[in-house]
Ligand SMILES: Nc1ncnc2c1ncn2[C@@H]1O[C@H](COP(=O)(O)OP(=O)(O)O)[C@@H](O)[C@H]1O
Ligand SMILES: [Mg+2]
């Protein structure tokens with residue numbers, strides 16, 4: 001079962017410090033929704049408000065349409081998977097898993113049986129009698145998920161649950177979590193500072209900065225159509241150019257920088273005095289040997305080539321000393337220039353974006 | 001590396017320290033078996049068990065013994081819950097209130113036992129409560145519960161508040177969190193607190209002396225025997241008390257080691273990796 005979660009201009013203040021600022025978003029029933037943002041941007045605070053450990057200083061949280069104001073954590077249809085998992089070290093695995101049933105007064109035999117079922121769901125059959133200290137990191141993770149599923153929550157809140165795992169296991173658990181979510185159809189609210197995680201698992205992602213929502217969209221839109229400079233640079237890499245617009249059409253504009261004038265996509269009308277920058281992702285940039293007749297070309301010298309396995313990063317230095325990055329796939333289709341050779345750095349106007357630093361806070 | 005001379009100095013020091021610590025006990029224990037009217041090992045008159053027999057025949061001693069155990073059990077029963085509750089409360093408070101409450105709880109430890117005894121007596125006298133073992137119990141509890149609190153408070157430092165939140169989030173009420181999560185974490189400290197409370201009560205003299213009324217406890221009994229001319233029965237009593245304490249300590253240690261081994265053996269069941 002699942003429920004919608006609605007944040008209606010929710011803020012959280014710690015003294016005079018505003019950790020979460022007027023966040024409004026509606027998360028659909030059965031959706032896998034992620035909050036993505038750097039450490040300290042207020043993600044945990046949002047989860048703690050949804051689960052009921054702290055009350056919003058303004059705004060409302062509704063779960064399944066019902067206002068959660070004044071309802072305690074143990075009475076909410078949510079369950080939180082803590083950043084450090086918070087498994088009970090003095091109980092064997094099966095008691096951990098069936099803890100919520102014990103609290104509801106379910107008898108021991110039924111609890112034992114249910115724990116075994118849940119352990120099967122998370123792929124840990126027969127681990128019921130182990131102590132928590134005997135488990136590996138990934139196994140602890142699964143026990144925490146099984147313990148949360150036992151509640152039969154409508155909303156599962158996950159606070160960077162994979163951050164303690166090593167890379168291989170993390171990727172494996174991503175797929176696992178996604179599968180569990182699809183299987184149980186519970187609404188998942190997942191928070192992470194890892195863009196790869198958020199993009200790979202989520203139906204929709206909310207990018208946050210300093211307590212404010214920057215963009216809420218599908219993963220591919222977050223990456224391909226970032227709404228501002230913060231989103232563009234937090235999610236993925238960019239070559240960034242400072243400058244100003246000298247002429248604009250409906251969807252593109254001419255942008256003057258100290259490396260020349262470029263043409264790039266531009267759709268958000270800037271609020272009066274916002275600083276604008278041009279963003280070109282390394283995989284959308286190319287290196288060519290003859291200057292293209294259209295604009296968008298910068299003369300460069302290849303300064304470094306770094307081999308990353310499935311792709312190759314080429315660093316190119318402009319005559320002014322700026323280092324630009326071009327990424328090409330390691331599939332043999334593109335020829336890799338020698339270091340020291342002269343090339344032109346170029347990109348399509350439609351693939352480059354002129355963006356304001358941050359979306360201004362929506363007032364009113 | 002420790003040089004040779006410093007090792008010799010260290011050994012001599014340890015030996016001297018142990019002799020200083022144990023010699024009086026050995027001499028005292030020896031005197032319990034010496035057939036001399038005075039409690040000494042020199043001159044050695046001959047082996048005897050009469051001081052033990054005298055002791056066992058002494059009904060006043062048995063009565064004092066019974067009273068001591070009763071008071072000690074009552075002190076454990078009262079000071080453990082009070083000390084534990086105070087620790088949980090102090091731990092959940094912050095700032096000034098915490099400092100004040102902590103200070104109030106700990107103050108009786110720093111107060112001389114005689115002062116606690118006299119003030120307990122005077123306080124209850126005000127309400128026309130006669131002195132007796134019940135007042136001894138209350139007087140002792142006033143500082144022994146502070147010991148329990150300190151022990152439990154130390155253990156609380158290692159408690160992860162996240163566990164409490166996790167339990168609440170999983171639907172537990174506050175009393176369920178207390179019973180199922182917090183208290184199990186505190187049991188080792190509560191157990192140690194109970195043991196300390198028990199022994200503190202047994203050895204208490206100052207507070208008891210003023211509050212006991214007409215009743216004897218072991219320490220008071222020893223005191224009055226010493227005043228009325230000391231005989232080696234006191235040595236016999238002391239030897240028995242030392243033996244009992246040692247036995248208790250040794251059996252606890254054996255139990256602890258065995259328990260540790262069991263845990264280790266369980267832990268060795270290798271967590272299969274993912
Ligand atoms: N209980 C608190 N008291 C004061 N400040 C807090 C408290 N909890 C969080 N903060 C502050 O709020 C901000 C957001 O914290 P948090 O939600 O934990 O960030 P994130 O989970 O995104 O890393 C941080 O600057 C943090 O220092
Ligand atoms: Mg956090």
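A short reminder: the numbers here are calculations on the coordinates, not readings from a lab. Computed from a predicted structure; not experimentally measured. With ideal geometry, Cβ positions are generated from the backbone for all residues, glycine too; neighbour counts draw on all protein chains shown.
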### Query
Over the Cα atoms of segment A:145-270, what Rg and Dmax result, in angstrom?
19.0, 61
## Note on the structure
Largest fluctuation, A:175, A:19, A:86 only, Gaussian network model of chain A with Cα springs under 10 angstrom, belongs to A:86
### Summary
Using alpha carbon centers only, segment B:23-74 is separated from segment A:210-230 by a whole-angstrom value of 85
### Summary
The Cα extents of segment B:60-232 along the principal axes, largest first and rounded to whole Å, are 66, 32, 25
### Summary
In nanometres, the difference between 0.36 nm per residue of separation and the alpha-carbon distance of residue B:10 and residue B:206 is 66.8 nm
### Query
Exposure proxy check: B:199, A:35 ranked by fewest other beta carbons within 10 Å?
B:199, A:35
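Just the C-alpha atoms of the protein assembly as shown: what Rg/Rh do they give, with Rh taken as the Kirkwood radius?
1.17
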## Note on the structure
Note: probe point = Cα of residue B:241 + 7 Å toward Cβ; backbone nitrogen < 18 Å; residues of segment B:190-221 passing the test are B:195-212, B:215-221
### For chain A, built as a Gaussian network whose Cα springs stay under 10 Å, the top-fluctuating residue of A:247, A:285, A:265
A:247
### Message
Between residue A:318 and residue A:290, what is the label-point separation in nm under the 7 Å Cα-to-beta-carbon projection?
### Response
2.5
## Note on the structure
For chain B, the longest principal axis of the Cα atoms and the Cα long axis of helix B:113-126 enclose an angle in degrees, to the nearest 10, of 80
### Query
Using a Förster distance of 41 Å, how high is the FRET efficiency between residue B:254 and residue B:227, based on the Cβ-Cβ distance and rounded to 0.05?
0.55
### Message
I need the P(r) histogram for segment A:237-356: all alpha carbon pairs, bin width 10 Å from 0 out to the longest distance, whole percents.
### Response
14, 45, 29, 11, 1
### Query
Based solely on its DSSP helices, what 222 nm [θ] is calculated for chain B when runs of n ≥ 4 H residues each add -39,500 (n - 2.57) and the sum is averaged over all residues, nearest 500 deg cm²/dmol?
-26000 deg cm²/dmol
## Note on the structure
If one builds a Gaussian network model of chain A from Cα atoms under 10 Å apart, the most fluctuating residue listed among A:46, A:191, A:71 is A:71
### Summary
Quick calc: nm separation of the 7 Å Cα→Cβ label points for residue B:17 and residue A:136 -> 4.6
### Summary
Between the modelled labels at residue B:96 and residue A:308 (7 Å from Cα along Cα→Cβ) the distance in nm is 5.8
### Task
Determine the percent antiparallel among the DSSP beta bridges restricted to the protein assembly as shown, to the nearest 5.
75
### Query
Using only Cα atoms, what Kirkwood radius does segment A:5-229 have, in angstroms?
18.0
### Query
Can you give the Rg to Rh ratio of segment A:54-104, both from alpha-carbon atoms, with Rh computed by the Kirkwood formula?
1.07
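For n ≥ 4 DSSP H runs only, could you compute -39500 (n - 2.57) per run for chain A, divide by its residues and tell me the 222 nm figure to the nearest 500? Intermediate values should be presented prior to the final figure.
On the way: 9 runs with 83 residues, N = 364.
The per-residue figure over chain A is -6500 deg cm²/dmol.
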### Summary
Mean other chain Cβ within 10 Å across A:96-104 is 4
### Query
If you line up the long axis of helix A:167-184 against the longest principal axis of chain A, both from Cα atoms, how many degrees apart are they, to the nearest 10?
60
### Message
Return the equivalent ellipsoid semi-axes of segment A:140-184 as a descending list in whole Å, where each equals the square root of 5 times an eigenvalue of the C-alpha gyration tensor.
### Response
19, 12, 9
### Query
In Å, the Kirkwood hydrodynamic radius of segment A:7-64 over pairs of distinct alpha carbons?
11.8
